[in-house]
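Following: one structure in structure tokens, then a few remarks.
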């Protein structure tokens, strides 16, 4: 097995050096595990989680409601090739640490607000079915061990019929053409809050007092299909 993997990023993981102020944890994670070369890709994303940590502004979520109105995020490639499942697990734990999910009192890839999900290139099944099945099975085992606490249905709003992550921890989003540089990807879907989809006015309202998150995403070309409307609201 010698596969190319990467991390899908849809927010502050790319521009914020810290998890907690001054700890440099996210910058260190990027420097240690990922190549500094961006692959931009279409993604079903929107502003959909009110973050207590970021002054109650809306932050980014994956959302099945956006599959026909895609935004854009980016992928950073793993520095190391995936030579076995342990490589994937190590990268997933590193991502979970950078997100604040995996910590001393929660040695898991899932928490009550977010989880690390896996996305496999559909072509891998054709090109290397042994690796495809092994990865899928081993990843499912991890999430099977979380079955008492992980609820995939939490990752959707009342308007959505499907969650963005399955009970096996697999990302339920469409594989895009830009992703074909990779055999597999990991990302962090989060639980939407509130459980309904906000409109651009409501999103912009939260950015009136603190717009850093929105404009940092814009600077890093992380965008949603509603960004123009949000900008209009911010200028009122």
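Any read-out appearing in this document is the output of simple, stated calculations on the displayed coordinates, not a laboratory observation. Not measured: the values here are computed from a predicted model. Cβ: placed from backbone, ideal geometry, glycine included. Neighbour counts: every protein chain shown.
Of note:
- For the range 40-51, a residue qualifies if it is surrounded by 18 or more Cβ atoms within 10 Å (Cβ to Cβ) and closer than 22 Å to residue 78 by Cα, and the qualifying residues are 41, 43.
- Output for the range 207-222, where each listed residue is out of contact with any helix residue (DSSP H, G or I) (no Cβ under 9 Å at 6 or more places or on another chain) and either surrounded by 15 or more Cβ atoms within 10 Å (Cβ to Cβ) or farther than 14 Å from residue 55 by Cβ (or both): 216, 219, 220, 221
- Residue among 225, 154, 161 that alone is under 23 Å from residue 108 (Cα atoms), touching a residue at least 24 places away in the same chain (Cβ under 8 Å) and surrounded by fewer than 19 Cβ atoms within 10 Å (Cβ to Cβ): 154
- Candidates 154, 140: the one that is within 23 Å of residue 53 (Cα to Cα) and out of contact with any helix residue (DSSP H, G or I) (no Cβ under 8 Å at 6 or more places or on another chain) is 154.
- Candidates are the residues of the range 15-38 that are within 14 Å of residue 93 (Cα to Cα) and under 18 Å from the mean Cα position of the chain (by Cα); the one that is surrounded by the fewest Cβ atoms within 10 Å (Cβ to Cβ) is 25.
- Residues that are over 19 Å from residue 18 (Cβ atoms) and in contact with a helix residue (DSSP H, G or I) (Cβ under 6 Å, 6 or more places away or on another chain) within the range 57-76 comprise just one, 58.
- Contact map, the range 62-84: residues that are free of Cβ contacts under 8 Å to residues at least 60 places away in the same chain paired with residues that are assigned to a strand (DSSP E or B) and buried (at least 19 other Cβ atoms within 10 Å of the Cβ), Cβ distance under 9 Å, separation 6+ or inter-chain. Pairs shown: 79/34; 80/5.
- Among (1) buried (at least 19 other Cβ atoms within 10 Å of the Cβ); (2) out of contact with any helix residue (DSSP H, G or I) (no Cβ under 8 Å at 6 or more places or on another chain) - the single one residue 98 does not satisfy: (2)
- Candidates 164, 191, 170 - the one that is closer than 10 Å to residue 119 by Cβ and touching a helix residue (DSSP H, G or I) at 6+ places or on another chain (Cβ under 8 Å): 170
- Filtering the range 1-14 to residues that are surrounded by fewer than 16 Cβ atoms within 10 Å (Cβ to Cβ) and in contact with a helix residue (DSSP H, G or I) (Cβ under 8 Å, 6 or more places away or on another chain) leaves 1, 4.
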